[in-house]
Amino acid sequence: MDLHEARQKWDLIFNDPLLSLTSLRQKAVATNICRTTLRSVCWKVYLTYFPSLETSTWPLILQKERQHYSNLVYKYITNPTEQMAKGGGDLSVNNPLASNDDVRCCHVSVGRGEESYGFLVGRGEPKGHMNPWQQYFADSEIRKVIRQDVERTFPDIDYFRDSRVQQRMVDILFIYCKMNQDVSYRQGMHELLAPVLLVVDQDSVELVEGATDLDPTTDVLLQTLDRAHVEHDAFSLFTQVMKSAKTWYEFNDEVFNSSRQRKQARVYVLFYAAAKLNPVVMECHRIHHEFLRTVDPQLYGHLERLGIEPQLYGIRWLRLLFGREFDMDSLLKLWDGMFAEDATLKIVDYVCLSMLFGIRDDLLQDDYSSCLGLLMHYPTAHVNPHTLIEQAVYLRDHLSQEGGVQIMRQNDVRAGRVPREHGAPPPSPSRHAGEYNHQHHPSIEAGTDNLARMTKPAAEGFAKMTKEVMKSPQVREINKAIAGVMDEVK
């Protein structure tokens, strides 16, 4: 972004004579101010990176946070590399083949996909001389895992194919991992960082070399949007997001590991019990068994009868902040509203409710396999993110069956239907059963193409067989077991 454009957008925010923290938050949904001005600035205010709108205090905050990140880069990336290059020292310790039993370390599980990788991460000061090669190899493995995920981030967006962008993401996630050894790095964090880095980079401005006659406002703007510190600012903003999102990546390793020591016959029960003790699963169950049950007993009862576990779809919704459900433009609008409404991200629970209401009538008419498919591949093509936020706020403030009915009636009006008087679905379905949004899911599209090549009798037989399999208690038990494995982002 050039300086002239940045200044125009800056002024759109700060030249409002009635500007306040409250009005700026309200404008996130009411006027779409984040998209039309400087989204990164709005997010920094919403997430309390900047505690006030007094811009004269911002340069000092920026300097402190950026220096903090520079120090972390030196400590965890630059300095260890330099030490490895220098070598020397006591070869009984500084030796890649030497072992060191005096090092106090912890076993950190880095979750990605269906696998879990364990690494040694130093905790505290060593009792004796620490073999730097141990930490170097462990860090290299962590960075390798992170890079594999980063390279697959939003494959349809060219920005994330840039090697410099990928390197920034790897470094930020690696440092976050080192600073938060209780959760380390887990798959999904890269998809929370990606939009943050994109927003900060898009708003960045090159400093004007040799300029000495800048007015105070432009000077603060250039310091705030300095392109040389995109990585620093993205780390700080990502850390602000993770203050609340971190709990969705926590894992009860103690319970999990002890459970796996038990008899093979009890593996499923203990696996599932251990999963329920993890915050993200507990939150999925709270949304389902408390919130949904309160506002829509009919839908709750239907999903319960089908045996659909809320974590099957809820883990992905929460951990990725709906990043797989929306295209990037819609996702950023949704994040605008969520960050503006609640920096602690508690509003996310109610966004989940509003999304369930959006497909409520379709869910009530579907069987197990169709419901699960709809929840796993949410049809967002015609969803307005701002409407989801407005409805989420309403449900938060009116968590009752009457509040749920009001949301249903609003959805009826938006769909051009006569508003219902109660929670029953309208006579005509709003969607033909089986139509899902396949965006970002090429494997599903490929499967559909293969099915289309079948003869009609064969296709009907295949569909019937699939539905029967999905209805079986055994398959549902397997789904419960899958839902209990917390290292996998669905």
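The values are calculated or read from the model by the stated rules, or taken from the named source; none is laboratory data. Every value quoted in this text rests on a predicted model; they were computed, and no experiment measured them. Here the Cβ is made from the backbone with ideal geometry for all residues, glycine too, and neighbour counts use every protein chain on show. Just so you know, the surface numbers come from the protein's heavy atoms only, side chains and all, with ligands and any DNA or RNA stripped out. Shrake-Rupley method; radii C 1.70, N 1.55, O 1.52, S 1.80 Å.
In table form, for the structure just shown:
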| quantity | calculated |
| --- | --- |
| Selection status of Gln202, surrounded by fewer than 17 Cβ atoms within 10 Å (Cβ to Cβ), closer than 16 Å to Lys44 by Cα and either outside the structural domain of Ile13 (by the TED database) or at pLDDT 70 or above (or both) | yes |
| Given (1) more than 27 Å from Ile315 (Cβ to Cβ); (2) open to solvent by less than 10 Å² (accessible area, probe 1.4 Å); (3) without any contact (Cβ under 8 Å) to a residue 60 or more places away in the chain; (4) not β-branched (Val, Ile, Thr), index of the condition Met169 fails | (1) |
| Wholly within the stretch 180-254, helices (runs of 4 or more DSSP H) carrying at least 3 residues that are hydroxyl-bearing (Ser, Thr, Tyr) and within 23 Å of Thr344 (Cα to Cα) | 230-245 |
| Residue match in the stretch 357-366 (condition: open to solvent by less than 20 Å² (accessible area, probe 1.4 Å), assigned to a helix (DSSP H, G or I) and aliphatic (A, V, I, L, M)) | yes |
| Identity of the residue in the stretch 55-72, open to solvent by 40 Å² or more (accessible area, probe 1.4 Å) and polar (S, T, N, Q), that ends up farthest from the chain's Cα centre (by Cα) | Ser56 |
| Members of the stretch 367-404 that are open to solvent by less than 20 Å² (accessible area, probe 1.4 Å), not β-branched (Val, Ile, Thr) and not in a helix (DSSP H, G or I) | Tyr378 |
| Pairs where the first residue, in the stretch 330-343, is closer than 17 Å to Gln240 by Cβ and the second is surrounded by fewer than 20 Cβ atoms within 10 Å (Cβ to Cβ) and polar (S, T, N, Q), C-beta under 6 Å, 6+ apart | Ala343/Thr48 |
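Okay, residues lined up against (1) open to solvent by 30 Å² or more (accessible area, probe 1.4 Å); (2) more than 22 Å from Val383 (Cα to Cα); (3) at pLDDT 95 or above; (4) over 15 Å from the mean Cα position of the chain (by Cα):
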{"residue": "Val230", "(1), (2), (3), (4)": "no, yes, yes, yes"}
{"residue": "Asn257", "(1), (2), (3), (4)": "yes, yes, no, yes"}
{"residue": "Gln261", "(1), (2), (3), (4)": "yes, yes, no, yes"}
{"residue": "Leu277", "(1), (2), (3), (4)": "yes, yes, no, yes"}
{"residue": "His288", "(1), (2), (3), (4)": "no, no, yes, yes"}
{"residue": "Leu303", "(1), (2), (3), (4)": "no, yes, yes, yes"}
{"residue": "Leu318", "(1), (2), (3), (4)": "no, no, yes, no"}
{"residue": "Asp329", "(1), (2), (3), (4)": "yes, no, yes, yes"}
